[in-house]
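Peer 1: Would you mind keeping the following structure in view while I ask a few things?
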Amino acid sequence: MNFSFSIPTKIEFGSGICTQVGEILKPYVDKKVLIVSDCGVRQAGILKNVEESLRNFKISYEIFDKVEANPSTQILEQGIEYLGMHQCDAVLGVGGGSSIDTAKGIAAMATNTGSILDYEGINKIKNKPLPILAIPTTSGTGAEVTASAVFTNKDTLFKTVIMSNYLFPKVAILDPLLTLKLPSSITAATGMDALTHAIESYISKNSNFLSKSLAIEAIKLIGESLLQAYYVGTDVSSREKMLVASMMAGMAFSQSRLGNVHAISHTFGGIFNIPHGIANATLLPYVMDFNLFACPSEMKDIAVALGADVFGLTLEKAAEQAILEVIKINSAIGIPKTIKELGVNLELLPQMIDDSMRSPNTISNPRITTSKDIKQIIESAYHGYFPTKDFIEKGREYNVLRNENVYN
């Protein structure tokens, strides 16, 4: 029953609230703020209202728009140099998780020595960063309310996770109107990223009453609104629900951490440069299958939150409905069925296993996980097989070589 819960980030939420950015950020900027974003966000005109509001409140700013998907340490170093060149004393990330993570890294390394890679792990950052501020433009990562950042070391192709309470943004400004123009493919990938966060947080060994409450409500909101946001992207109500759900999932996993989906998907991003949300979405049902017997009651809760009718089912069958609901959502929004379709190459399986086991997320996964287990999950996701589902339905051990596929 003992637990701690802390989220120091102030949250400002509302449609059109980006016109008030200058007023909200004024207390955190003495001289100049560095806006960290990517060229797509800038070209789409999403920064327009932010810049105008900053000018109205006489806040000086510079823009660093070189952020890439799966941000590398090289891009981070460019951002640090850019910040120093322009003498900025606060950092505002505007964009998806990559932009906000890069903003966190720049702010942290402005006050700490060495490389960001020196701070891999938990609470190794020694000095307080510059003020970190965040405006998400996708409904996926929840990075605006988390204490972590991820960067790819291009020399080793390993995605390094840095976790520190210093990385919580001071303020998160959430404006659903910024997500209205998201392409459907981005809506799908980021929406499933948020669902993965919520599910992995809910079943995490480190979950508690508060984190579970946030996670299950996020799952419910995503189940209600993701398809609407995908098919009718201009629907403000569904965009509001998705942005709130993403934030709640971020708040949840900032306390509980995640699980095997993220342990493995980070390796896919590092080695194959696969977009994080797509990797999560494709892996999610296979990892849920692996975890099924370790947390059947929680899986049943997830199934119900996603709208499944479990009346009259055994606990195992009710729990299995959670996997089927995720498969249905994935199919409806164009998520690949197997990691083979993502470009994963099993010739690099040993590196994938080693890098996955290096992740702290395997420790919080509800089922104890070994290297052999990671191998089985990756192979299952590559071939499209579900061992536990097969075990429940047919009462026999799983055979990775059999020519059956749950999607057929």
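The values are calculated or read from the model by the stated rules, or taken from the named source; none is laboratory data. All of these numbers come straight from a predicted model, not from anything done at the bench. Glycine gets a Cβ as well: all are built from the backbone with ideal geometry, and neighbour counts include every protein chain shown.
Peer 1: How many of the residues in the stretch 340-382 are closer than 17 Å to residue 282 by Cα and among the polar types (S, T, N, Q)?
Peer 2: Adding up the residues that qualify gives 4.
Peer 1: Which condition number does residue 293 fail, the rest of (1) surrounded by fewer than 24 Cβ atoms within 10 Å (Cβ to Cβ); (2) closer than 21 Å to residue 152 by Cα being met?
Peer 2: So residue 293 meets the others, but not (2).
Peer 1: Sticking with this one: Given (1) over 17 Å from residue 164 (Cβ atoms); (2) modelled with pLDDT under 95, where does residue 122 come up short, assuming only one miss?
Peer 2: Among (1) over 17 Å from residue 164 (Cβ atoms); (2) modelled with pLDDT under 95, the lone unmet condition for residue 122 is (1).
Peer 1: With the requirement that a residue be part of a loop (DSSP other than H, G, I, E, B) and more than 15 Å from residue 138 (Cα to Cα), what does the stretch 231-259 give you?
Peer 2: 232, 257, 258, 259 - these are the residues of the stretch 231-259 that are part of a loop (DSSP other than H, G, I, E, B) and more than 15 Å from residue 138 (Cα to Cα).
Peer 1: Of everything in the stretch 79-103, what is surrounded by fewer than 16 Cβ atoms within 10 Å (Cβ to Cβ) and free of Cβ contacts under 8 Å to residues at least 40 places away in the same chain? Give them in sequence order.
Peer 2: Once the filter is applied, which keeps residues that are surrounded by fewer than 16 Cβ atoms within 10 Å (Cβ to Cβ) and free of Cβ contacts under 8 Å to residues at least 40 places away in the same chain, the stretch 79-103 yields 81, 84, 85.
Peer 1: A follow-up question, please. If I filter the stretch 24-55 down to residues being touching a residue at least 24 places away in the same chain (Cβ under 8 Å), part of a helix (DSSP H, G or I) and among the charged types (D, E, K, R), which single residue comes out as nearest to residue 173 (Cα to Cα)?
Peer 2: Once the filter is applied, the top-ranked residue is 26.
Peer 1: Shifting gears a bit: Which one of these is under 25 Å from residue 179 (Cα atoms) and not small (Gly, Ala, Ser): 36, 29?
Peer 2: So the residue among 36, 29 that is under 25 Å from residue 179 (Cα atoms) and not small (Gly, Ala, Ser) is 36.
Peer 1: In this structure, does residue 106 turn out to be among the aliphatic types (A, V, I, L, M), within 18 Å of the chain's Cα centre (by Cα), outside the structural domain of residue 190 (by TED's automatic domain parsing) and crowded, with 24+ Cβ neighbours inside 10 Å?
Peer 2: Working: among the aliphatic types (A, V, I, L, M): yes; within 18 Å of the chain's Cα centre (by Cα): no; outside the structural domain of residue 190 (by TED's automatic domain parsing): yes; crowded, with 24+ Cβ neighbours inside 10 Å: yes.
It is false that residue 106 is among the aliphatic types (A, V, I, L, M), within 18 Å of the chain's Cα centre (by Cα), outside the structural domain of residue 190 (by TED's automatic domain parsing) and crowded, with 24+ Cβ neighbours inside 10 Å.
Peer 1: Could you please find all residues in the stretch 4-23 being assigned to a loop (DSSP other than H, G, I, E, B) and crowded, with 17+ Cβ neighbours inside 10 Å?
Peer 2: If the condition is that a residue be assigned to a loop (DSSP other than H, G, I, E, B) and crowded, with 17+ Cβ neighbours inside 10 Å, then 7, 9 are the ones that fit.
Peer 1: Right, here's the next one. In the stretch 352-402, which residue that is part of a loop (DSSP other than H, G, I, E, B), surrounded by fewer than 22 Cβ atoms within 10 Å (Cβ to Cβ) and among the hydrophobic types (A, V, I, L, M, F, W, C) is modelled with the lowest pLDDT?
Peer 2: 401
Peer 1: So how many residues does the stretch 211-247 have that are surrounded by 17 or more Cβ atoms within 10 Å (Cβ to Cβ) and either closer than 19 Å to residue 257 by Cα or of a type in the set (Val, Ile, Thr) (or both)?
Peer 2: 13
Peer 1: Okay, next question. Based on what the data block shows, is residue 156 of a type in the set (Ser, Thr, Tyr), more than 21 Å from residue 249 (Cβ to Cβ), crowded, with 24+ Cβ neighbours inside 10 Å and outside the structural domain of residue 359 (by TED's automatic domain parsing)? Talk me through it step by step, then tell me what you get.
Peer 2: Details: of a type in the set (Ser, Thr, Tyr): yes; more than 21 Å from residue 249 (Cβ to Cβ): yes; crowded, with 24+ Cβ neighbours inside 10 Å: no; outside the structural domain of residue 359 (by TED's automatic domain parsing): yes.
Answer is no for this residue.
Peer 1: Can you give me the ranges of the strands (runs of 3 or more DSSP E) entirely in the stretch 83-178 with at least 3 residues that are under 29 Å from residue 16 (Cβ atoms)? Show your work before the answer.
Peer 2: Working: elements: 90-95, 132-136, 148-153, 158-163, 171-174.
Filter on the stretch 83-178 gives 90-95, 132-136, 171-174.
Peer 1: One residue is enough: does the stretch 196-208 have a residue meeting the conditions in a helix (DSSP H, G or I) and either surrounded by fewer than 24 Cβ atoms within 10 Å (Cβ to Cβ) or among the aromatic types (Phe, Trp, Tyr) (or both)?
Peer 2: Checking the stretch 196-208: at least one residue is in a helix (DSSP H, G or I) and either surrounded by fewer than 24 Cβ atoms within 10 Å (Cβ to Cβ) or among the aromatic types (Phe, Trp, Tyr) (or both).
Peer 1: What number goes with the only condition from (1) assigned to a helix (DSSP H, G or I); (2) buried (at least 24 other Cβ atoms within 10 Å of the Cβ); (3) out of contact with any helix residue (DSSP H, G or I) (no Cβ under 7 Å at 6 or more places or on another chain) that residue 185 does not pass?
Peer 2: (2)
Peer 1: Would a scan of the stretch 56-74 turn up a residue that is assigned by TED's automatic domain parsing to the domain that holds residue 170, touching a Cys at 6+ places or on another chain (Cβ under 8 Å) and closer than 22 Å to residue 182 by Cβ?
Peer 2: Taking every residue of the stretch 56-74 in turn, at least one turns out to be assigned by TED's automatic domain parsing to the domain that holds residue 170, touching a Cys at 6+ places or on another chain (Cβ under 8 Å) and closer than 22 Å to residue 182 by Cβ.
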